[in-house]
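Report on the structure given below.
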Amino acid sequence: RSHVKRYDMTRIPPKEMIERALWKAWKTSPSKNQSMAYQCLVWGPDKEIHKEAIHNLVTKSHRAVEETAVEEGRQKFVQEGKGQFPNPYYEHVAFNPYLFTIHSRVSTPNKYYERQIAKGHHYEQGFEDKIEKIIDSVAVEVGIFAANLGYYLLEEGLDISYNSCFRRRPEEWHKVGLTQVKHRPITMITCGYASRYRRQDLKARGQEEDDRRPEINEIVKWM
């Protein structure tokens, strides 16, 4: 996998490929209490305006983070100008064949957990006012689902990119016309056939080796 800068919008993957990957991700992702207290919204090829609105929420979030950093004295200025703002590596959020946004949701218990509830079990995933309280555990599940979905899309021969910079409050989504979003977003993924990868830009600038993840001994520690 490599971060996609730009998708080839002349090549739209068949819907059947996307459905297969989604089914496999649903089937193989574990969930506490079998609740799956999240929902994956699929924005297909006909949702261009919606995707541009979501991209707007991404760039707003990016700018707000930088402005806050300046106010706190952690940064001297915000990014400006072509190639800096809006960040060109968010382009994949606006222009893609398929965008997946994954949100919290209120879950209905299955029959087994209905019986457990009758015995005193507290099914937190079934209450709107508990969404923020359980967001950590739900976000872990969403991470697993998103990773699985990514693997299965790659298996279909598609390219994918992730994004975690966007407005979290549903009210912000409503302001740009996305009223179908009922609960807070957690992450998003795009997919299609890449026409340009971010790493190609870095290589062209002689910076490919400058952008690497931490070494394994910084991340994994045997105790």
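The values are calculated or read from the model by the stated rules, or taken from the named source; none is laboratory data. Please read all numbers here as calculations on a predicted model, not as lab measurements. All Cβ positions, even for glycine, are placed from backbone atoms using ideal geometry, and neighbour counts span all protein chains on display. Remember, those area values only see protein heavy atoms, side chains included, never the ligands or the DNA or RNA. Shrake-Rupley method; radii C 1.70, N 1.55, O 1.52, S 1.80 Å.
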Practice prompt. In whole angstrom, note down how far apart the Cα centers of segment 189-223 and segment 35-61 are.
Written response: 24
Worksheet, complete the sentence: Taking protein heavy atoms only, a 1.4 Å probe, and rounding to whole percent, the accessible area of the chain owed to carbon and sulfur comes out at 51
Worksheet item: Put +1 on the Cβ of every Lys and Arg and -1 on every Asp and Glu Cβ in the chain; which of Ala25, Ile117, Ser35 then has its Cα farthest towards the positive end of the dipole?
Response: Ile117
Worksheet item: Cα centroids of segment 82-96 and segment 109-141: how far apart, whole angstrom?
Response: 37
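What is the dipole size for segment 139-185, taken about its Cα centre, with +1 at each Lys and Arg Cβ and -1 at each Asp and Glu Cβ, in debye to the nearest 20?
My answer is approximately 460 debye.
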Worksheet, complete the sentence: Once Asn87 and Asp136 are pulled to full extension, the length gained, defined as 0.36 nm per residue separation minus their Cα-Cα distance, is 14.8 nm
Worksheet item: Build a GNM of the chain with springs between Cα atoms under 10 Å: which of Asp129, Asp46, Asp210 gets the top mean-square fluctuation?
Response: Asp210
Fill in: Dipole magnitude (debye, nearest 20) for the chain, charges at Cβ of Lys, Arg, Asp, Glu
360
Response to the item:
Whole-Hz Karplus couplings 3J(HN,Hα) for segment 77-83, θ = phi - 60° and coefficients 6.51, -1.76, 1.60, Gly and Pro as x, run 7, 8, 6, 9, x, 4, x
Practice prompt. Tell me the label-point distance for the pair Glu80, Arg11, using the 7 Å Cα-to-Cβ offset, in nm and rounded to one decimal.
Written response: 4.0
Practice prompt. Give the accessible surface of segment 35-190 per residue, rounded to a whole number of Å², with probe radius 1.4 Å and ligands, DNA and RNA excluded.
Written response: 53
Worksheet item: For the chain, what does -39500 (n - 2.57) per DSSP helix run (n ≥ 4), summed and divided by total residues, give at 222 nm, in deg cm²/dmol to the nearest 500?
Response: -12000 deg cm²/dmol
Discussion item. I'd like the accessible area for Ser164: 1.4 Å probe, protein heavy atoms, all chains in place, Å² to the nearest 10.
Written reply: 70
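At most 14 other C-beta atoms within 10 Å and a DSSP loop state: those are the exposed chymotrypsin sites (Phe, Trp or Tyr not before Pro) I care about. Give me the longest piece of the chain that has none. Walk me through the intermediate numbers first.
Numbers: sites that count: Phe77, Phe127, Trp222.
That gives 128-221 as the longest site-free run.
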Discussion item. Under 8 Å for C-alpha pairs, at least 6 residues apart: give me the relative contact order for segment 1-134, rounded to a whole percent.
Written reply: 36
Worksheet item: By its C-alpha gyration tensor, with a ≥ b ≥ c as the square roots of the eigenvalues, how is segment 1-108 shaped: rounded for a/c under 1.5, else prolate for a/b larger than b/c, else oblate?
Response: oblate
Response to the item:
Which of Arg205, Arg213, Arg196 fluctuates most in a GNM of the chain (C-alpha springs under 10 Å)? That residue is Arg213
Fill in: Gaussian network model of the chain, springs between alpha carbon atoms under 10 Å - residue of Asn87, Asn96, Asn56 with greatest fluctuation
Asn87
Worksheet, complete the sentence: In whole percent, the Cα-Cα distances of the chain spread across 10 Å bins from 0 upward as 7, 26, 34, 23, 8, 2, 0
Item to complete: Quote the FRET efficiency, to the nearest 0.05, computed for Glu209 versus Ser164 with a Förster distance R0 of 22 Å and r equal to the Cβ-Cβ distance.
Response: 0.35
Fill in: Span-rule helices in the chain, defined as complete DSSP H runs reaching 18 Å or more along the axis (Cα) with Kyte mean at least -0.5
135-155
Worksheet item: Cα to Cα, under 30 Å, and not fewer than 8 places away if on the same chain: which lysines meet these conditions relative to Lys182?
Response: Lys5, Lys15, Lys24, Lys27, Lys32, Lys47, Lys51, Lys60, Lys111, Lys130, Lys133
Worksheet entry | trypsin sites (Lys or Arg not before Pro) restricted to DSSP loop in segment 1-96 with at most 10 other C-beta within 10 Å | Arg74, Lys76, Lys82
